[in-house]
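Notes follow once the structure below has been shown.
The values are calculated or read from the model by the stated rules, or taken from the named source; none is laboratory data. Bear in mind the structure is a predicted one, so any value in this text is a computation, not a measurement. We place every Cβ from the backbone using ideal geometry, glycine too, and count neighbours over all the protein chains shown. Just the protein is used for accessible areas: all its heavy atoms, side chains included, with ligands, DNA and RNA removed. Shrake-Rupley method; radii C 1.70, N 1.55, O 1.52, S 1.80 Å.
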Amino acid sequence: MSYLPIQQLLKTAPVGTTVTVKGWVRTKRESKNAVFIALNDGSTINNIQAVAEAGQLPEETLKLITTGACVAVTGQLVESQGAGQAVEVKISDVLIYGPADPDKYPLQPKRHSLEFLREIAHLRPRTNTFSAILRIRHALAFAVHKYFNDNGFFYLNTPIITASDAEGAGEMFRVTTLDATNPPLTEDGKVDYSQDFFGRETNLTVSGQLEGELGAMALGKIYTFGPTFRAENSNTTRHLAEFWMIEPEVAFYELEDNMNLAEDFVKTVIRYAIQHCADDLAFLDNRLKEEEKTKKKEEQSELGLLEKLQFVISNEFVRLTYTEAIDILVNSKPAKKGQFQYEVSWGVDLQSEHERYLVEKHFKKPVILTNYPREIKAFYMKQDEDGKTVRAMDVLFPGIGEIIGGSQREDNLEKLEARMKEVGIEPEAIWWYLDTRRFGSAPHAGFGLGFERLVLFVTGMGNIRDVIPFPRAPKTAEF
């Protein structure tokens, strides 16, 4: 007798073998002659059917075999008599690990709304949709580490608690041990952070980039992959307060190198998911097709999920400047007919609708936009010689718009300090960052990819709260 995960059992166990299957009951169906139990253990989207003859199992055992119950089934693996599966287990013994009261268990064999499932995020991984998402999320995370390891990068763990704001956005979560109701105050009435745990005001990080640059200036090629936090009061389907960021930084890279890295990286990890998550992606592809049928024709996507993934890995990414993109958008039919929700002109930060038009309608390929106006980009981006633009790059995907943002970093100390002064960042606050420009400065570049954005794209889900196990958003910190 052997115990194997269902995924492995379905692939390798020969007919006639006595097996033990452990998992959770998805459904139980009784007929005049037999009892059919569908089991799933999370290793695969596929259930395995276990069959007992009518009257074979004690009535008290049969009553406990309900949707959600955890059981171990032992029996012989036989060719299935029904359609939909090649093999099934002919039951000889059943052990009940944990029953699930059918009157109280919230997951029943029917379609549940995603909104309802968010309320029971502790149980939603037991559904087909969320088990598929979490297996794909794992595969993508593994592919990220594999890609960078295979390409000579070193994994750098950057701080979660920081005294700097990498983006200059100011929307950060404070970290403190001071008494919230009676904090110590300075003479001018402000909170005295010198008495706090770290002796200064600290926050949860919004990015590991600045520290990542320090690593690149010593190790050459590094990447970070860790949690980041933004206290942005946003309830959109694209924002989380806690999410994971992938941020490579490479010494001696310029903008062109950075674009090459981003394109190769994202194609490679998506290709890995296609190769290793075929069943889960096929399930989500079918799910998306059913969902699309309920939409108005003009709102339906032109590409299915698997087609969208192939669209990315099969096409060379189109590369053009922000200025060239603005010219295309200004002269487009939607702009001339007033169909864009947001007006387009040089100097504006492009909206998702503009980015998706470039990808889905104009080029019909993924797009990398470069050389954005300096006024709408972060202080650390290398300034172009025209004084108006910086060596930024954004990678745009169908259905999602921007998925990667990056740049060549400003390696000239004087220009960097001048830009920091413009945006109100005190040099003393990040003196250590400026030291990399004082002592052996070098050209370098990097980018950031929100991991959940990647999972959102690969799974075809519509809300970013559905691609992380336990979402954190405004007024949402359950579980």
ask   = Is there a residue in the range 341-350 that is closer than 25 Å to F311 by Cβ and touching a residue at least 24 places away in the same chain (Cβ under 8 Å)?
value = yes
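Conditions tested, residue by residue: (1) modelled with pLDDT of 95 or more; (2) hydroxyl-bearing (S, T, Y); (3) surrounded by 20 or more Cβ atoms within 10 Å (Cβ to Cβ).
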{"site": "Q8", "(1), (2), (3)": "no, no, no"}
{"site": "V15", "(1), (2), (3)": "no, no, no"}
{"site": "T20", "(1), (2), (3)": "yes, yes, no"}
{"site": "V25", "(1), (2), (3)": "yes, no, yes"}
{"site": "F36", "(1), (2), (3)": "yes, no, no"}
{"site": "L39", "(1), (2), (3)": "yes, no, yes"}
{"site": "T44", "(1), (2), (3)": "yes, yes, yes"}
{"site": "I48", "(1), (2), (3)": "yes, no, yes"}
note = Picked from the range 358-375 (must be within 14 Å of Y322 (Cα to Cα) and out of contact with any Phe, Trp or Tyr (no Cβ under 6 Å at 6 or more places or on another chain)), the residue surrounded by the fewest Cβ atoms within 10 Å (Cβ to Cβ) is E375
key: Any chance I400 is in contact with a strand residue (DSSP E or B) (Cβ under 9 Å, 6 or more places away or on another chain), closer than 26 Å to H145 by Cβ, open to solvent by less than 30 Å² (accessible area, probe 1.4 Å) and hydrophobic (A, V, I, L, M, F, W, C)   = no
ask   = Is one or more of the residues making up the range 109-118 of a type in the set (D, E, K, R), part of a loop (DSSP other than H, G, I, E, B) and either under 22 Å from K22 (Cβ atoms) or open to solvent by 70 Å² or more (accessible area, probe 1.4 Å) (or both)?
value = yes
key: Pairs with Cβ under 6 Å, 6+ apart, first in the range 87-116 and closer than 16 Å to N128 by Cβ, second part of a strand (DSSP E or B) and open to solvent by 40 Å² or more (accessible area, probe 1.4 Å)   = P109/T27
inquiry  = Regarding the range 377-386, can at least one residue be identified that is of a type in the set (D, E) and open to solvent by less than 50 Å² (accessible area, probe 1.4 Å)?
reply    = yes
inquiry  = I'd like to verify a number: residues in the range 279-315 that are open to solvent by 30 Å² or more (accessible area, probe 1.4 Å), touching a helix residue (DSSP H, G or I) at 6+ places or on another chain (Cβ under 8 Å), free of Cβ contacts under 8 Å to residues at least 60 places away in the same chain and not in a helix (DSSP H, G or I), how many?
reply    = 2
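Just to check your reading of the model, which residue among A231, A216, A241 is in contact with a Pro (Cβ under 8 Å, 6 or more places away or on another chain), touching a residue at least 60 places away in the same chain (Cβ under 8 Å) and of a type in the set (G, A, S)?
Going through A231, A216, A241 in turn, just one is in contact with a Pro (Cβ under 8 Å, 6 or more places away or on another chain), touching a residue at least 60 places away in the same chain (Cβ under 8 Å) and of a type in the set (G, A, S): A241.
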note = Restricted to the range 244-257 and to residues being open to solvent by 60 Å² or more (accessible area, probe 1.4 Å) and touching a residue at least 40 places away in the same chain (Cβ under 8 Å), the residue nearest to L454 (Cα to Cα) is W244
query = Can you tell me which residue in the range 209-240 is farthest from A442 (Cα to Cα), limited to those that are of a type in the set (G, A, S) and modelled with pLDDT under 95?
reply = S234
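Are any residues in the range 258-276 touching a Leu at 6+ places or on another chain (Cβ under 9 Å) and in contact (Cβ under 8 Å) with a residue 40 or more places away in the chain, and if so, which ones?
Once the filter is applied, which keeps residues that are touching a Leu at 6+ places or on another chain (Cβ under 9 Å) and in contact (Cβ under 8 Å) with a residue 40 or more places away in the chain, the range 258-276 yields A262, F265, V266, V269, I270, R271, Y272, A273.
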request  = Under 8 Å between Cβ atoms, at least 6 apart or on separate chains: pull out the pairs that start in the range 417-432 with a residue that is acidic (D, E) and end on any residue that is outside any loop (DSSP other than H, G, I, E, B).
outcome  = E417/P427; E417/L434; E426/M420
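Condition check ((1) open to solvent by 20 Å² or more (accessible area, probe 1.4 Å); (2) in contact with an Asp or Glu (Cβ under 9 Å, 6 or more places away or on another chain); (3) more than 30 Å from L456 (Cβ to Cβ); (4) not β-branched (V, I, T)) across all residues:
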{"position": "R391", "(1), (2), (3), (4)": "yes, yes, no, yes"}
{"position": "Q408", "(1), (2), (3), (4)": "no, yes, no, yes"}
{"position": "A418", "(1), (2), (3), (4)": "yes, no, yes, yes"}
{"position": "E426", "(1), (2), (3), (4)": "yes, no, yes, yes"}
{"position": "H444", "(1), (2), (3), (4)": "no, yes, no, yes"}
message = I'm trying to understand the selection: among the residues of the range 138-173, which are within 19 Å of G448 (Cβ to Cβ), at pLDDT 95 or above and either among the hydroxyl-bearing types (S, T, Y) or open to solvent by less than 30 Å² (accessible area, probe 1.4 Å) (or both)?
response = L140, A141, A143, V144, Y147, F148, F153, Y155, T158
remark   = Contact list, first residue from the range 395-406 and acidic (D, E), second anywhere and part of a strand (DSSP E or B), beta-carbon distance below 6 Å, six or more apart or interchain, is E402/D394; E402/L396
query = Which residues, counting only those in the range 209-243, are assigned to a helix (DSSP H, G or I) and surrounded by 17 or more Cβ atoms within 10 Å (Cβ to Cβ)?
reply = Q209, L210, E211, G212, E213, L214, G215, A216, M217
